[in-house]
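To start, the structure under review is shown below, and the notes come after it.
The values are calculated or read from the model by the stated rules, or taken from the named source; none is laboratory data. As the structure is a computational prediction, the values presented were derived from the model and not from experiment. FYI the Cβ positions are ideal-geometry reconstructions off the backbone, even for glycines, and counts take in every protein chain you see. We work out accessible area using only protein heavy atoms, side chains counted, and drop any ligands, DNA or RNA first. Shrake-Rupley method; radii C 1.70, N 1.55, O 1.52, S 1.80 Å.
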2 protein chains.
Amino acid sequence: MIIDMHTHFVPSYFPDMSGRGGGNRWPTMDEISDTSSNVMISGKVFRAVTEQSWCAKRRLEDMDQEGIDKQVISPMPVLSSYWFESKDTLAFSDFIHGQLAELIQTSPDRFYGLGTVPLQDPELSASYIPRLKREFGLLGVQIGTNVNGRPIGDPFFNPFFEAAESEGVALFLHPLQPIGQDRVVGPPSLQPVVNFQLETGAGVTSLITGGVLEKYPNLRIAVSHGGGSFFSILPRLVHGWNVFENLQSTLSKSPMEYAAKLYYDSLVYDDLTLQHLVKTFGYKQLLVGSDYPFIIMDKSPGRIVERLDLPSDQKKEIFRNNSLKFLGVAE
Amino acid sequence: MIIDMHTHFVPSYFPDMSGRGGGNRWPTMDEISDTSSNVMISGKVFRAVTEQSWCAKRRLEDMDQEGIDKQVISPMPVLSSYWFESKDTLAFSDFIHGQLAELIQTSPDRFYGLGTVPLQDPELSASYIPRLKREFGLLGVQIGTNVNGRPIGDPFFNPFFEAAESEGVALFLHPLQPIGQDRVVGPPSLQPVVNFQLETGAGVTSLITGGVLEKYPNLRIAVSHGGGSFFSILPRLVHGWNVFENLQSTLSKSPMEYAAKLYYDSLVYDDLTLQHLVKTFGYKQLLVGSDYPFIIMDKSPGRIVERLDLPSDQKKEIFRNNSLKFLGVAE
């Protein structure tokens, strides 16, 4: 009984957004075959995708093969489209959510969904959350680590977090448009490898140092890729909080106390690192994640958890119950 | 018998650089008392420092109190001054090295020194290395994780690394002018806390993905702050190398093989993190580091190593012998 909480969705086609501002930055689909397409952005192939991205039947076959009971599905992060007019982003998101809801409805016992909101307009995002739940049956929102370069912990986003807390939706923090792209030497494929780790760490940190987790203590937030570089930043942040008085005047509690309330997925590709996460945050904060169906995915996300030196009842929490708690779904 | 390999030096005064280009970006010293000063850069207090930064007697007292046998001393990183004309940087570095050599000469059995070179000019840096050794008795070079925004793994720096390898000097990688300064929310004191971790990870990664460690396999490089965020990037980098063919065409071996040849200091402020570093890289790659005498320092750097669950002979390697190997000093 494994819930894979980190999987992504791309619809089989996109609406024509050409009449709106943004031009060819809007995603379009270049069909390659019956089962594969290229997502085109700004005239270039952003990503080659297969029917795994949109086809429920194919997803279920893959899940059965890997022993995955349920998938939590969020849109491919670039589809969040924070860089357009917020009303256009909202219209595009509506389309994505409709398609995602259709997929989920084919097997509602096997799929949960998370949506996306136009975070460049936090008030609009806040007002959209009820629709996300009621119209599309989604359980929460995937949020970027930054929105057009503004870190997600910036107080600018507080209206959204306030609504997310009061509506009780789950939030899944995912990197996009990462920092340090000019600081990596090597091929472009390093960006989702190296920069995503840097970016995720910076994003999680901003939720703490920006006061979001202090102001909205009942938020349920899961972080992708095991928190990225966050677990390497945290000990120095805790030490800094102990040493620098101006950090203590910003945060009433140690950064560790906020960090311990976050959920972290298991997508770290390394047994020692996952062990370290369990030791640092406790097994109750860990969720199974794979990044299905993208090339960088962990094809057998249950195995790294199975190999943890933990009692089987604790592994069961990681496999399933922690994700249900994060999602706010009754067991 | 502990060697603290991460300590810094600031001279008690600076030469007058006002006649050179760069204006008030050159550091000047604003004396506060007989034992304390402010380092001024661009008209602002860059850092408040005490005689611990320049006074051998005071350093020895502190070392005796903490049971530190020897310090490896490198300049405060901002003194590297990569952002001036390279000949001016060289003249300033000459002054720093002269002062540092004087300090070391008061107790050559207790101090080792590392210098700095004008990395904005790799050929000039290469040609300076022999002087660094012979004229000043220094054992190596502290290098920035980036030089004016250019990652240290950029092939631009290869002439320097080639000379460093052939001259057999030790290199100590330290963050400065870190990435992501616009991505942190909170007081400025977060920069040396959060951004240094991001920056160090990016810098170490660039040494691997830029091919420096492949091209110059005999370099001895130690990384400050336990490598910063590098150990959180590495597993995903290894996975990416397995998955993306264009990474394998760049690097002939797995990133882990290059990472395993680096030294990492113990300055991580967290027992679990240090344990994780030992498990990941092995005890032979670990060195004791404190960041003496700055406010963020680990005041008792021996203790976190003492608490490791390792045999005493392995701790002895960490306390002393690994640093001697890194420095290239006969035991």
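When the range A:318-331 is examined, which residues are found to be surrounded by fewer than 21 Cβ atoms within 10 Å (Cβ to Cβ) and either acidic (Asp, Glu) or within 21 Å of the chain's Cα centre (by Cα) (or both)?
Within the range A:318-331, A:Arg320, A:Asn321, A:Leu324, A:Lys325, A:Gly328, A:Val329, A:Glu331 qualify.
So if I check each of A:Asn242, A:Asn246, which one is in contact with a Pro (Cβ under 6 Å, 6 or more places away or on another chain) and either over 18 Å from A:Ala222 (Cα atoms) or free of Cβ contacts under 8 Å to residues at least 40 places away in the same chain (or both)?
A:Asn246
Is it the case that B:Asp313 is open to solvent by less than 30 Å² (accessible area, probe 1.4 Å) and without any contact (Cβ under 8 Å) to a residue 40 or more places away in the chain?
no
Here is a list: A:Pro255, A:Pro187. Which entry is over 20 Å from the mean Cα position of the chain (by Cα) and at pLDDT below 95?
A:Pro187
Which residue, of B:Gln99, B:Gln71, is touching a Ser or Thr at 6+ places or on another chain (Cβ under 6 Å) and in contact (Cβ under 8 Å) with a residue 60 or more places away in the chain?
The unique qualifying residue is B:Gln71.
Considering the range A:95-117 alone, what residues qualify as being part of a loop (DSSP other than H, G, I, E, B) and in contact with a strand residue (DSSP E or B) (Cβ under 9 Å, 6 or more places away or on another chain)?
Of everything in the range A:95-117, those that are part of a loop (DSSP other than H, G, I, E, B) and in contact with a strand residue (DSSP E or B) (Cβ under 9 Å, 6 or more places away or on another chain) turn out to be A:Asp109, A:Arg110, A:Thr116, A:Val117.
Which of the residues that make up the range B:235-250 are at pLDDT 95 or above and open to solvent by less than 10 Å² (accessible area, probe 1.4 Å)?
Residues satisfying the conditions are B:Arg236, B:Leu237, B:Gly240.
Go through the range A:111-127 residue by residue and tally those that are touching a residue at least 40 places away in the same chain (Cβ under 8 Å) and closer than 15 Å to A:Trp83 by Cα.
Looking only at that region, the number is 3.
Restricting attention to the range B:282-310, report how many residues are touching a residue at least 24 places away in the same chain (Cβ under 8 Å) and assigned to a loop (DSSP other than H, G, I, E, B).
Qualifying residue count for the region: 13.
Considering (1) surrounded by fewer than 23 Cβ atoms within 10 Å (Cβ to Cβ); (2) in contact with a helix residue (DSSP H, G or I) (Cβ under 6 Å, 6 or more places away or on another chain); (3) within 12 Å of another protein chain (Cβ to nearest Cβ), say which one A:Tyr216 fails and leave the rest.
(3)
What's the total number of residues in the range A:171-187 that are more than 17 Å from A:Phe231 (Cβ to Cβ), more than 8 Å from chain B (Cβ to nearest Cβ) and not in a strand (DSSP E or B)?
Summing the residues that are more than 17 Å from A:Phe231 (Cβ to Cβ), more than 8 Å from chain B (Cβ to nearest Cβ) and not in a strand (DSSP E or B) in the range A:171-187 gives 4.
When only residues in the range B:291-307 that are open to solvent by less than 10 Å² (accessible area, probe 1.4 Å) and out of contact with any His (no Cβ under 9 Å at 6 or more places or on another chain) count, which is farthest from B:Glu167 (Cα to Cα)?
B:Ile304
Looking at A:Val72, A:Val45, which one is hydrophobic (A, V, I, L, M, F, W, C) and within 20 Å of A:His6 (Cα to Cα)?
A:Val72
Wholly within the range B:1-70, which strands (runs of 3 or more DSSP E) include no fewer than the required count, namely at least 1 residues that are acidic (Asp, Glu) and buried (at least 17 other Cβ atoms within 10 Å of the Cβ)?
Fully inside the range B:1-70 and qualifying: B:2-9.
Take the range A:224-281 and flag every residue that is farther than 25 Å from A:Ile73 by Cα, more than 9 Å from chain B (Cβ to nearest Cβ) and not in a helix (DSSP H, G or I).
Of everything in the range A:224-281, those that are farther than 25 Å from A:Ile73 by Cα, more than 9 Å from chain B (Cβ to nearest Cβ) and not in a helix (DSSP H, G or I) turn out to be A:Ser252, A:Lys253, A:Ser254.
For A:Val329, are the conditions met, namely being in a loop (DSSP other than H, G, I, E, B), in contact with a Gly (Cβ under 9 Å, 6 or more places away or on another chain) and not basic (Lys, Arg)?
no
Can you tell me how many residues in the range A:130-170 are within 14 Å of another protein chain (Cβ to nearest Cβ) and either modelled with pLDDT under 95 or open to solvent by 20 Å² or more (accessible area, probe 1.4 Å) (or both)?
Going through the range A:130-170 one residue at a time, the tally reaches 7.
Residues in the range B:183-209 that are of a type in the set (Gly, Ala, Ser) and crowded, with 24+ Cβ neighbours inside 10 Å: how many?
Looking only at that region, the number is 4.
Please tell me if B:Met76 is in contact with a strand residue (DSSP E or B) (Cβ under 6 Å, 6 or more places away or on another chain) and open to solvent by 30 Å² or more (accessible area, probe 1.4 Å).
Answer is no for this residue.
Out of the range B:251-290, which residues are among the aromatic types (Phe, Trp, Tyr) and open to solvent by less than 40 Å² (accessible area, probe 1.4 Å)?
B:Tyr258, B:Tyr263, B:Tyr264, B:Phe281
Is it true that some residue in the range B:96-108 is open to solvent by 50 Å² or more (accessible area, probe 1.4 Å), more than 14 Å from chain A (Cβ to nearest Cβ) and either touching a helix residue (DSSP H, G or I) at 6+ places or on another chain (Cβ under 6 Å) or of a type in the set (Val, Ile, Thr) (or both)?
Within the range B:96-108 (the criterion being open to solvent by 50 Å² or more (accessible area, probe 1.4 Å), more than 14 Å from chain A (Cβ to nearest Cβ) and either touching a helix residue (DSSP H, G or I) at 6+ places or on another chain (Cβ under 6 Å) or of a type in the set (Val, Ile, Thr) (or both)), the answer is yes, since at least one residue qualifies.
Could you tell me how many of the residues in the range B:1-23 are within 25 Å of the chain's Cα centre (by Cα) and more than 24 Å from B:Ile104 (Cβ to Cβ)?
1
For B:Leu124, state whether it is within 15 Å of the chain's Cα centre (by Cα), modelled with pLDDT of 95 or more, aliphatic (A, V, I, L, M) and more than 26 Å from B:Ala330 (Cβ to Cβ).
Taking the combined requirement at face value, the residue does not satisfy it.
Looking only at the range A:196-223, count how many residues are of a type in the set (Phe, Trp, Tyr) and assigned to a helix (DSSP H, G or I).
Here the count works out to 1.
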